[in-house]
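The values are calculated or read from the model by the stated rules, or taken from the named source; none is laboratory data. Keep in mind the model is a prediction, meaning the values are calculated, not measured. Heads up, the Cβs are rebuilt from the backbone with ideal geometry, glycines too, and the neighbour counts pull from every protein chain shown.
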Amino acid sequence: MRDRELDFSSVCPDRPYHAALVRVTEGWKERPVPHGHRDFCEMFYVTGGRGLQRLPAGDVELRPGHLAVIGPGDYHEFAATSGASLDFVNVAFSSSSWQSFTGLVLEPADGWLATPRSLLVSIRDEREEVEEAFQRALRAFNCFPTAVELARFWCQVVPHLTASRPKHLGEAGSPPPWLTRACQAMAQEDNLREGLPRLVELAAVSSSHLVRVMRRHYGCTPVAYVNEQRLALAAMLLATSTATVSEISSRCGFESASYFTRRFRQRYDVSPRAYRRQRQASVVPEDLALTATLDIASR
């Protein structure tokens, strides 16, 4: 099944999330299948029909009212029941943004959701509320998607995930509590700046055991995890602060500004300064910013 692994930047360039209404007919759908998620999560809600989600661990039946989560490192494809169709609304978003959100809002007992693997929840009550959350995200995506709409979607859907007992579908199951707690703590800037030694300290296990368990549940090494979180923090600081690139590099724990710039360009395909300009332009169009500047100067 592992013949195509997608990056979020290829699925949804320059937008905070991607949403689509998908109809699967006679065992196929008009999207690349099968596929895996390298650095993003996906939630979908089944609105009609019947079908299957095919995972490495086996086939899972899908029917209306099913809410599913696919995490980074997971692989899947879909098939409709013979003679029928399968309809669902799909919302995809970067795993780094999801982890930032869950680090703020989840209780310790729900930490397993911060880095989800394939899971399924059957919504029995409040189906209309859940479907409306997905439909709203879909409508916003086709108009002018914003991070605010994505946060609104999460706030509406997450309570249904944490209030239920989800069925974990992957072979690895949910991460152990010690790993979840350690990764949540690494969202704090001070811990992230200390890097891998701090992650090992928080996990309170041997380095070799941490590597094995993190590979199994997160699909990456501890070093890759720390680097990804540092780059996500750096991207956030570039977009939301006036700190210099050198200051951000130091705050995020990179050994030098030049090394930070090289790693950032590898991850985001632009330099830190270019990324900041893009983020500013996405909030205030350049021509509008120029007009405002001229207007102020004329007063």
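Every residue, every condition in (1) within 15 Å of the chain's Cα centre (by Cα); (2) assigned by TED's automatic domain parsing to the domain that holds Phe153; (3) hydrophobic (A, V, I, L, M, F, W, C), yes or no:
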site	(1), (2), (3)
Met43	yes, yes, yes
Gly48	no, yes, no
Leu62	no, yes, yes
Ala68	yes, yes, yes
Ala79	no, yes, yes
Val89	no, yes, yes
Thr115	yes, yes, no
Leu138	no, yes, yes
Original post:
Do you know which of the residues in region 92-105 that are of a type outside the set (S, T, N, Q) and out of contact with any His (no Cβ under 7 Å at 6 or more places or on another chain) is farthest from Gln229 (Cα to Cα)?
Top reply: Val105
**OP:** Working only within region 248-263, note down all residues that are within 15 Å of Leu192 (Cβ to Cβ) and either of a type in the set (A, V, I, L, M, F, W, C) or part of a helix (DSSP H, G or I) (or both).
**Re:** Ile248, Ser249, Ser250, Arg251, Cys252, Phe254, Phe260, Arg263
**OP:** Give Ala68, Ala79 a once-over and let me know the one that is farther than 14 Å from Thr162 by Cα and among the hydrophobic types (A, V, I, L, M, F, W, C).
**Re:** Ala79
Original post:
Within region 233-252, restricting attention to residues that are out of contact with any Cys (no Cβ under 9 Å at 6 or more places or on another chain) and closer than 22 Å to Thr102 by Cα, which residue is surrounded by the fewest Cβ atoms within 10 Å (Cβ to Cβ)?
Top reply: Thr240
**OP:** Enumerate the strands (runs of 3 or more DSSP E) found wholly within region 1-106, keeping only those where 1 or more residues are at pLDDT below 80.
**Re:** 58-62
Original post:
Are any residues in region 58-92 surrounded by fewer than 17 Cβ atoms within 10 Å (Cβ to Cβ), aliphatic (A, V, I, L, M) and touching a Leu at 6+ places or on another chain (Cβ under 7 Å), and if so, which ones?
Top reply: none
**OP:** Determine the pairs where a residue that is among the acidic types (Asp, Glu), located within region 226-255, has a partner that is part of a loop (DSSP other than H, G, I, E, B) and surrounded by 15 or more Cβ atoms within 10 Å (Cβ to Cβ) with Cβ atoms under 9 Å apart, the partner being 6 or more residues away or on another chain.
**Re:** Glu228/Asp39; Glu228/Cys220
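Condition first: of a type in the set (Gly, Ala, Ser) and in contact with a helix residue (DSSP H, G or I) (Cβ under 8 Å, 6 or more places away or on another chain). Now tell me which residues in region 117-134 satisfy that.
The one that is of a type in the set (Gly, Ala, Ser) and in contact with a helix residue (DSSP H, G or I) (Cβ under 8 Å, 6 or more places away or on another chain): Ala133.
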Original post:
Out of the residues in region 107-123 that are in a loop (DSSP other than H, G, I, E, B) and modelled with pLDDT under 85, which is surrounded by the fewest Cβ atoms within 10 Å (Cβ to Cβ)?
Top reply: Glu107
